[in-house]
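Accompanying notes for the structure given below.
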Amino acid sequence: MIRRSERNAVTYQDELNVHMKIRIKGNSIRFRLTQSEVKQLSETGSIAETTELVDNVFQYQVKLMPEANQLQASYTDHTMLLMVPETDGKNWFHNHTVGFEHEMELPNGKKLHLLLEKDFTCLENRAEDQSDNYPNPKLQY
């Protein structure tokens with residue numbers, strides 16, 4: 001196991017510059033987008049991030065889809081795709097909606113919890129750059 005303090009400084013700096021976040025825990029997937037990423041999604045219809053592995057690449061993408069009526073997810077060719085209803089995503093940058101949530105029914109009868117949300121600044125000090133995050137409402141006076 002590599003502790004954070006043992007990492008190469010360049011690698012750690014590169015990590016700090018990555019913005020879109022994904023958290024996978026059991027049957028739950030959460031995407032967090034910064035202000036510029038929400039703007040890009042609203043304007044272009046797509047945002048993607050890549051994680052390079054030893055002999056492969058993992059990509060995760062959020063994409064506006066006109067035929068979607070709820071959040072949906074798929075995984076093909078090393079890419080996790082979160083599909084967002086186009087009507088919701090087009091105006092997301094210009095409104096106060098924090099995010100979107102859906103329990104997706106799986107073919108085996110289980111459910112996959114999907115969450116797409118705006119990334120707020122942390123309440124605690126963090127080493128990562130949060131200048132493009134949304135102001136945390138809990139820090140507002």
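Since every read-out is calculated from the coordinates, none of them should be taken as a lab result. Remember, predicted model here, so these are calculated numbers, not experimental data. Glycine also receives a Cβ, built like all others from the backbone with ideal geometry; neighbour counts cover every protein chain displayed.
Where a Cα-Cα gap under 28 Å defines reach, which lysines qualify for residue 111, not counting those fewer than 8 residues away within the same chain?
Within reach: 21, 25, 63, 90.
With a point put 7 Å past each Cα toward its Cβ, work out how far residue 56 is from residue 36 in nm, to one decimal.
3.0 nm
Would you please give the FRET efficiency between residue 79 and residue 103, computed as 1/(1 + (r/R0)^6) with r the Cβ-Cβ distance and R0 = 30 Å, to the nearest 0.05?
0.85
Can you pull out the GluC sites (Glu not before Pro) in the stretch 41-95 whose DSSP state is coil and whose Cβ has at most 12 other Cβ atoms within 10 Å?
Sparse-neighbourhood loop GluC sites (Glu not before Pro): 67.
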